Structure formats: C-alpha cells, structure tokens
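**Student:** Let me give you the structure first, and then I'll get to my questions.
Just so it is clear, none of the values below were taken in a lab; they were calculated from the coordinates. All values derive from a computational prediction rather than experimental measurement. Backbone-built Cβ (ideal geometry, glycine too); neighbour counts: all protein chains shown.
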Amino acid sequence: MESAAKLDKNLARTPDMDEVVPSDKKLIFFMLVSCFVLWGLLNNITDNLVPAFGKIFMMSAVDSSMVQFFFYGAYAVLAIPAAMIIKKYSFRHGVLLGLGFYIIGALGYIPAAIFQVYDIFLVSIFILAGGLSVLETTCNPYVIALGSEDTAIRRINFAQAFNPVGSIIGLFLAKFVILANLNPATYDERVLMSPEELSSIRVGELFWVCVPYVGLIAIALVIWFFFFRQKSDLKDQGSALNFMASFTNLMGNKRYVFGVITQFFYVGMQIAVWTWMIKYIMALTDKVEHEAVDYYIYAVFLFVGARWLCTYLMKYIHAPRLMAAVAAVGMAVTLGTIYLPTSMSVICLMLISGCMSLMFPTIYGIALRGLGDDVKLGAAGLIMAIIGGAIITPIMGSFIDNSTLAFLVPGFSGEEAAVRSSYYTAFVCMVVVFLYGLFNSKKA
C-alpha cells in the first residue's frame, strides 16, 4: 500500500490518460465510453417523451410521467440479475446482454406506433431501459476495474463526463426530430377532431418518435460485435456470487447504505428537474415545446462543462467535500428557481444542472470504494437506486397537477405557482446529497 506522502505526490502530478486508464485498456475504455454516451442519449430523449406523449395521447402530467416510471422502474428489476450474470461470467457478457435488450426494446416501438397504443410503448420502454440497467450495472464497475483503485473515482468521473455528451445529442434529436414534428393542435382542438383526423395526426407524430430509437440500433450493433469478438476481459476468479454474504456485508457498511439512499434521491432529482423543465419554461413564458427545449439544451451544456471542471478539481479537492460544496450552491439556486422573478429563476433552473454534474459518479465511486468481492452486488444496488427517477418524477408531476405546494409561493398563482412550488422536491433531494458529502468529508 502506498504511503500518504507517496499518494499526495501522485495526486499532485498533472493528470494524463496513462494515469487514469492503462494503455492496454484504452480501446475497451473507449467502447465502454460509447455505452455511456448511448444511455445518456436515450435518457434525455426519454425525458422529452413525457411532454410529447402528453400531447399525442392527450394525457395529464401524472399519466404521461408513466414513461419515467417504466423507464427507471426497469433499473430496479434487472440490476441484481445483471450483477449475478457478470459475477458468474464476465463484464463482457453483461455488455452483450444489455445491448441485446436495448435492440429488442427499440424494435418494439414500431408496432407501438403502428397500432398507436401507449401501453405497448410502455412495455417497449421497460425492455429498452432494462438493457440500459444491465449496461450501467456492468459498465460502471468495469471502468473502475480497468486501473488502480487510487484513480477509480477520477476514472469513473472521466467516463461519466461523456455521458452528458450523449445527453446533448439526445436533446437535439428530441428537439428537431420528435418535438418539432408534433402537430401544433392544442388539447381543445384535438378533442373536437374526428377519430380519423386525430389518428392521421398521430401517425406522423409517432413515426418521428420511433426514428431516433430505431436508428440507434445500428450503433448498438457495432458496440455489440466489438465486445462479442473481444476475448480479453476482466473476469471474476472467485466462486459464484454468494448473495446473502455480500448482502450482509453491504448492509453493515454505513457509507454504502447511505450512498444507495443518496443515489435514489439524486437520480430522482435529476430526472424530475429535467423532465419538468420544459413545462416550467412553458408555464413562465410563451414558449412552445420545441422552443422550450432550448433551455434544457443550455442546461445540459452547463452540466457537461461543470462535470469536466469538477473532474479536474477532484485532483486537488477531496471529492466528498467538493460534492457537499456544490450541493450547498444547488440548494440556493433551487430556492431561486422557486422564488425569483422569471428572468432570474430560469437562470437558476439551468444552474441546478451545473450543480448536479458531479453527483452521480461521485456518489457511485464513494459508495463502492473498498468493497472488494462485494463490488458487483454493490454496483447493482446503486443502479437499482435509479428507481428514484421512477418514483420522484411522478410525485413532482402530481404536485404540478394538483397545485399541492402552491401555498408555499404566495406571490404567484395558477400553473406558474404549481410548477414553481413543485421544485421543493428537488430542494429536499439536494439536501440529502449535501448531507452525504458531509458524512464522508473527513474520511480518507
């Protein structure tokens, strides 16, 4: 084990790729990063399906948010089976299985669009997201295992820094392919249409919903064939997964348990903030869907830049302390989103994304550090925590539909008050992240 002096010296060096990723692992790392880009892209396209399906199928905020319930609910179902698979076989098999599920789920969009059935879309989304669950359960610990544990948090942050690149691509696809092709007819106008006329409009709208998902199958196949042909892989040399022993060890680890809880609230916050961002902009301004998504794009650009900056700063600042400081700023800008005048509140809304940038990989890296043979089941638990997106997003949607928290913003009324006050959900989640950073701030 390195001495403290030697470790400090290592951390003080200028970072380069050889420190973070060994030379013989760079190609595998690059292909894993491609998976990070893929699921980032799909996550953010899916966020935009909520307003799209709300308009196409004429649904309430809660009903349209079932997209997120099925998408992130799949993470809870398949994360532990994925951990068992990669424990028994290898990381490579996990990647192959995850991409296979994605391809099957994406193909399901075709009959869903042909028959114009929302429930078929939800089933397809569940299968597709199940594949992403397997990928995340596999790829995150795979990246951690590609080099020294001393650089593990930097390596996972570096890989995760490409995830929002996919998010940006996904937002542009959502804006120019899906939202731009929604018919401008309002809910009231659609109610007055004949069934034939309404069906004709939906045919065109649902076709453009399918295009990006089905088109990405080609990229998924390229990555699949790479790992299919890849013979060198990191394999577990131990026995089959002893589930109960690992589970007992993990439940006795306070840092890990608190990390899973924090990841639940963090992911719930990220998905809820981004899902309802378009509705927030539309409620406070005169923007329509494909115009309001521009603010979402600006927010994700800020998210990307902040993640790269924070990854660099972790070379000098203890990661939990940095996360606690950023979460404190996040709490402040969330309150600004709720209470400040429109021009300033919209800026604060986008700044929330900058504050969220380092949280997922940092929570992940802190929680998994030093778990040894329990790391794969531990990774599955953290991926299961992504179900926070399936639970917190509809809760926030119900606050919008029912104006539940509107009494907290007495200076505003109507839909604006409902949307503003719903961001108290994000504030509570940010507090949990702040506390986790403080909890680990004094630990080596």
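**Student:** Report the far tail of the P(r) of region 55-97, meaning the percent of Cα-Cα pairs longer than 17 Å.
**Tutor:** On the way: 458 of 903 pairs.
Here the long-distance tail beyond 17 Å is 51 percent of all Cα pairs in region 55-97.
**Student:** Let me ask another. Go through region 262-268 residue by residue and turn each phi into a ³J(HN,Hα) via Karplus (6.51, -1.76, 1.60, θ = phi - 60°); whole Hz please, and just put x for glycine and proline.
**Tutor:** Residue by residue, region 262-268 yields 5, 5, 4, 6, 5, 5, x Hz.
**Student:** Here is the link list: K25/K376; K25/K315; K279/K442; K231/K254; K231/K442. Which ones come out longer than 31 Å on Cα distance?
**Tutor:** On the way: K25/K376 20 Å; K25/K315 22 Å; K279/K442 40 Å; K231/K254 37 Å; K231/K442 42 Å.
Distance filter (> 31 Å) returns K279/K442; K231/K254; K231/K442.
**Student:** What is the angle, in °, between the Cα long axis of helix 66-88 and the longest principal axis of the Cα atoms in the chain? Nearest 10 is fine, range 0 to 90.
**Tutor:** Rounded to the nearest ten degrees, it is 20.
**Student:** Mind giving me the FRET efficiency for A218 and W308? R0 is 22 Å, r the Cβ-Cβ distance, nearest 0.05 is fine. Walk me through the intermediate numbers first.
**Tutor:** Numbers: r = 28 Å, r/R0 = 1.29.
My answer for the efficiency is 0.20.
**Student:** Using Cα-only point scatterers and the Debye equation, what is log10 of I(q)/I(0) for region 358-444 at each q in 0.19, 0.25 Å⁻¹, rounded to two decimals?
**Tutor:** For the requested q values the scattering log ratios are -0.90, -1.18.
**Student:** Measuring from centroid to centroid over Cα atoms, what is the spacing of region 45-66 and region 285-363 in Å?
**Tutor:** Centre-to-centre (Cα) distance: 24 Å.
**Student:** Then there's this: Among the chymotrypsin sites (Phe, Trp or Tyr not before Pro) within region 247-317, which fall in a DSSP loop and have no more than 13 other Cβ atoms within 10 Å of their own Cβ?
**Tutor:** Answer by residue number: Y316.
**Student:** Label points 7 Å out from Cα along the Cβ direction at V431 and D373: separation in nm?
**Tutor:** A separation of 4.1 nm, rounded to one decimal place.
**Student:** What per residue convex hull volume, in Å³, comes out for the chain when only alpha-carbon positions are used? Kindly include the intermediate steps, with their values, before the conclusion.
**Tutor:** Working: hull volume 58.6 nm³, N = 444.
Here the figure is 132 Å³ per residue.
**Student:** Could you size up the charge dipole of the chain around its Cα centre, putting +1 on the beta carbon of Lys and Arg and -1 on that of Asp and Glu, and report it in debye to the nearest 20?
**Tutor:** Details: 29 positive and 28 negative charges, 334 e Å.
For the chain, the charge dipole is close to 1600 debye.
**Student:** A further question follows. Please compute the Kirkwood hydrodynamic radius of region 163-272 from all pairs of different C-alpha atoms, in Å with one decimal. Walk me through the numbers on the way to the answer.
**Tutor:** Numbers: mean 1/r = 0.0512 Å⁻¹.
Evaluated over region 163-272, this radius sits at 19.5 Å.
**Student:** For the residue pair N183 and S23, what label-to-label distance in nm results when each label sits 7 Å from Cα along the Cα-to-beta-carbon direction?
**Tutor:** Label at N183, label at S23, 6.1 nm between them.
**Student:** Measure off 7 Å from each Cα along the Cα-to-Cβ vector at I347 and F176, then give the distance between these two points in nanometres to one decimal.
**Tutor:** Between I347 and F176, the simple spin-label model gives 2.9 nm.
**Student:** Report, in degrees rounded to the nearest 10, the 0 to 90 angle that the Cα long axis of helix 217-229 makes with the longest principal axis of the chain.
**Tutor:** Orientation of helix 217-229: about 20 degrees from the principal axis.
**Student:** For region 21-87, report the translational diffusion coefficient in µm²/s to the nearest whole number, using Stokes-Einstein at 37 °C, 0.692 mPa s, and a Kirkwood Rh over Cα pairs.
**Tutor:** On the way: Rh = 14.4 Å.
For these conditions, the coefficient is 227 µm²/s.
**Student:** Can you give me the Rg/Rh ratio for region 285-352, using Cα atoms for both radii and the Kirkwood formula for Rh? Mind showing how you got there, number by number?
**Tutor:** Details: Rg = 14.1 Å, Rh = 13.3 Å.
My calculation puts Rg/Rh at 1.06.
**Student:** Another question about this same structure. List every residue whose amide H lies under 5 Å from the amide H of Q230, counting only residues 5 or more places away in sequence or on a different chain, with H placed 1.01 Å from N in the peptide plane.
**Tutor:** The list, which skips near neighbours in sequence, is empty: none.
**Student:** Another question about this same structure. Can you pull the Kirkwood radius for region 264-323, inverse mean 1/r over Cα pairs, to one decimal in Å?
**Tutor:** Numbers: mean 1/r = 0.0752 Å⁻¹.
Roughly 13.3 Å, rounded to one decimal.
**Student:** Mind checking the angle between helix 388-402 and the chain's longest principal axis? C-alpha axes, 0 to 90 degrees, to the nearest 10.
**Tutor:** Helix 388-402 sits at roughly 30 degrees to that axis.
**Student:** Based solely on its DSSP helices, what 222 nm [θ] is calculated for the chain when runs of n ≥ 4 H residues each add -39,500 (n - 2.57) and the sum is averaged over all residues, nearest 500 deg cm²/dmol? Before the final figure, lay out the partial values.
**Tutor:** Numbers: 24 runs with 342 residues, N = 444.
After summing the helix terms and dividing by residue count, I get -25000 deg cm²/dmol.
**Student:** Here's something else I'd like to know. Against the empirical 2.2 N^0.38 Å scaling, what ratio does the C-alpha Rg of region 44-120 come to?
**Tutor:** Values: Rg = 15.2 Å, N = 77, 2.2 N^0.38 = 11.5 Å.
Here the answer is 1.33, to two decimals.
**Student:** Here's another thing I want to ask about it. Could you give the length gained by full extension between F228 and A245, i.e. 0.36 nm per residue of separation minus their alpha carbon distance, to one decimal place? All intermediate terms of the calculation are to be shown ahead of the outcome.
**Tutor:** Numbers: separation 17, 0.36 × 17 = 6.12 nm, distance 3.17 nm.
Fully extending the segment from F228 to A245 adds 2.9 nm.
**Student:** Any idea how far the Cα center of region 148-200 sits from the one of region 412-444, in Å?
**Tutor:** Centre-to-centre (Cα) distance: 24 Å.
**Student:** Indicate the gyration tensor shape class of region 390-429 (rounded, prolate or oblate), computed on the Cα atoms with a ≥ b ≥ c the square roots of the eigenvalues: a/c under 1.5 is rounded; otherwise a/b larger than b/c is prolate and the rest oblate. Intermediate values should be presented prior to the final figure.
**Tutor:** On the way: a/c = 2.81, a/b = 1.59, b/c = 1.77.
Judged from the Cα gyration tensor, region 390-429 comes out oblate (a/c at least 1.5, b/c at or above a/b).
**Student:** Work out, in µm²/s and without decimals, the Stokes-Einstein translational diffusion coefficient of region 8-159 at 25 °C, 0.890 mPa s, Rh from Kirkwood over C-alpha pairs.
**Tutor:** Details: Rh = 16.9 Å.
Translational D for this selection: 145 µm²/s.
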